[in-house]
1. Go through the stretch 197-220 residue by residue and tally those that are loosely packed, with under 14 Cβ neighbours inside 10 Å and touching a residue at least 40 places away in the same chain (Cβ under 8 Å).
2. Please specify each residue of the stretch 70-94 satisfying the condition of being outside any loop (DSSP other than H, G, I, E, B), under 12 Å from S5 (Cα atoms) and among the aliphatic types (A, V, I, L, M).
3. Might you check whether a residue that is closer than 23 Å to H174 by Cβ, modelled with pLDDT of 95 or more, buried (at least 20 other Cβ atoms within 10 Å of the Cβ) and in contact with a Ser or Thr (Cβ under 6 Å, 6 or more places away or on another chain) occurs anywhere in the stretch 242-250?
4. If I ask for residues that are of a type outside the set (D, E, K, R), over 17 Å from H257 (Cβ atoms) and in contact with a Lys or Arg (Cβ under 8 Å, 6 or more places away or on another chain), which ones from the stretch 120-138 would you list?
5. Please note which helices (runs of 4 or more DSSP H) are completely contained in the stretch 137-219 and include at least 2 residues that are more than 22 Å from D245 (Cα to Cα).
6. Taking the stretch 226-238 as the region of interest, how many residues are surrounded by fewer than 19 Cβ atoms within 10 Å (Cβ to Cβ) and aliphatic (A, V, I, L, M)?
7. Collect the residues in the stretch 275-298 that are farther than 12 Å from A140 by Cα and either surrounded by 16 or more Cβ atoms within 10 Å (Cβ to Cβ) or modelled with pLDDT of 80 or more (or both), keeping them in residue-number order.
8. Could you please let me know if R194 is under 23 Å from V104 (Cβ atoms) and touching a residue at least 24 places away in the same chain (Cβ under 8 Å)?
Amino acid sequence: MELESLGVYLKSRRDRVTPTDVGLRVYGTARRVPGLRREELAQLAGVSVGYYTRLEQDQTGAASRQVLDALARVLQLDAAETAHLHNLARQSVTPRMVRPSPEVPHPRALSLLQSLGETMPARVLGRRGDVLAWNRIGHAIFAEHIDFDAPRDLARRPSIPRMFFLDSLSRDLHGNWDELAPIHVAYLRLTAGRYPTDARLAELIGELAMRSSDFATLWATGDVADCTVGTMRLQHPTVGGINVDYQVWLQPDSPDHRLEVFTPKDSSSADALRLLASQVAAHREPADILSGEPARLDR
């Protein structure tokens, strides 16, 4: 799939800002654009119309941080959107795609995962949303229909984006799927801006756009967002309704790896998690705690 460019992103954000949003008066003349005109944005950001036009057409060199921040201010971008703007400005117009080595979870992330035991669902995700490891209850709450050992096998390693958009069982699990879907897509766009040469990531986005009309529609919005906290309302096939809050823990020296931890939002959800944990304990092998040790995860 073709990567998003700085110019494409600027135009999509310009289209969503109206003159009223930035305090411009609009008179009776009909406007041919849905948002700001190029000359209006350029004037408000303090750059020439010609320079801004070249930016939007990807025909100029790297823009300065000051110019990008000025554009972000006029376009009313939040922190994640502004970071994405800067990421796009740093990349080459025609980057050379590379296939990164398979990801191996950082030992500290695995240590944190193991310290949570089997009462709190948790999983370690890679940069593209692949499950690199999960504890037994983390597997049981989200993916009972997938082999627990799948993260060890590169050919079978679960992908959260693929599960979320292409797996009907995963979709049925999430009671607030419509609320979570835009967040998934917006975070994937943020990731694509951080890693513009990742061929595996580009292939994932292309696959989802081809196979899921929901994904394609959401991707076309151009929205960008980080994903660190939120709520999932789950309808689990074994223990029923579970509402959980999720939070993401990052290691500064391995920012690609996200430890997601899930905690019950109410007493009935806590009871359901305890029941699920007891079921997990009844079927767990005595020495089997995680999906594998670091050295075995990417054989």
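The values are calculated or read from the model by the stated rules, or taken from the named source; none is laboratory data. All figures in this text were calculated on a predicted structure; none of them were measured in a lab. Heads up, the Cβs are rebuilt from the backbone with ideal geometry, glycines too, and the neighbour counts pull from every protein chain shown.
1. Filtering the stretch 197-220 down to residues loosely packed, with under 14 Cβ neighbours inside 10 Å leaves 199, 206, 210-211, 213, 217, 220.
If we keep only those that are touching a residue at least 40 places away in the same chain (Cβ under 8 Å) as well, we get 199, 206, 211.
Residues flagged as loosely packed, with under 14 Cβ neighbours inside 10 Å and touching a residue at least 40 places away in the same chain (Cβ under 8 Å) within the stretch 197-220 amount to 3.
2. In the first step, residues of the stretch 70-94 are kept if they are outside any loop (DSSP other than H, G, I, E, B); the result is 70-74, 79-90.
From the residues that got through so far, the ones that are under 12 Å from S5 (Cα atoms) too are 84-90.
Selection gives L85, L88, A89.
3. Yes, the stretch 242-250 contains at least one residue that is closer than 23 Å to H174 by Cβ, modelled with pLDDT of 95 or more, buried (at least 20 other Cβ atoms within 10 Å of the Cβ) and in contact with a Ser or Thr (Cβ under 6 Å, 6 or more places away or on another chain).
4. Of everything in the stretch 120-138, nothing turns out to be of a type outside the set (D, E, K, R), over 17 Å from H257 (Cβ atoms) and in contact with a Lys or Arg (Cβ under 8 Å, 6 or more places away or on another chain).
5. 177-194, 199-211, 213-219
6. 1
7. Let us first name the residues in the stretch 275-298 that are farther than 12 Å from A140 by Cα, namely 282, 285-298.
Correct list: A282, L290, S291, G292, P294, L297, D298.
8. Values: under 23 Å from V104 (Cβ atoms): yes; touching a residue at least 24 places away in the same chain (Cβ under 8 Å): yes.
Against the criterion (under 23 Å from V104 (Cβ atoms) and touching a residue at least 24 places away in the same chain (Cβ under 8 Å)), R194 qualifies.
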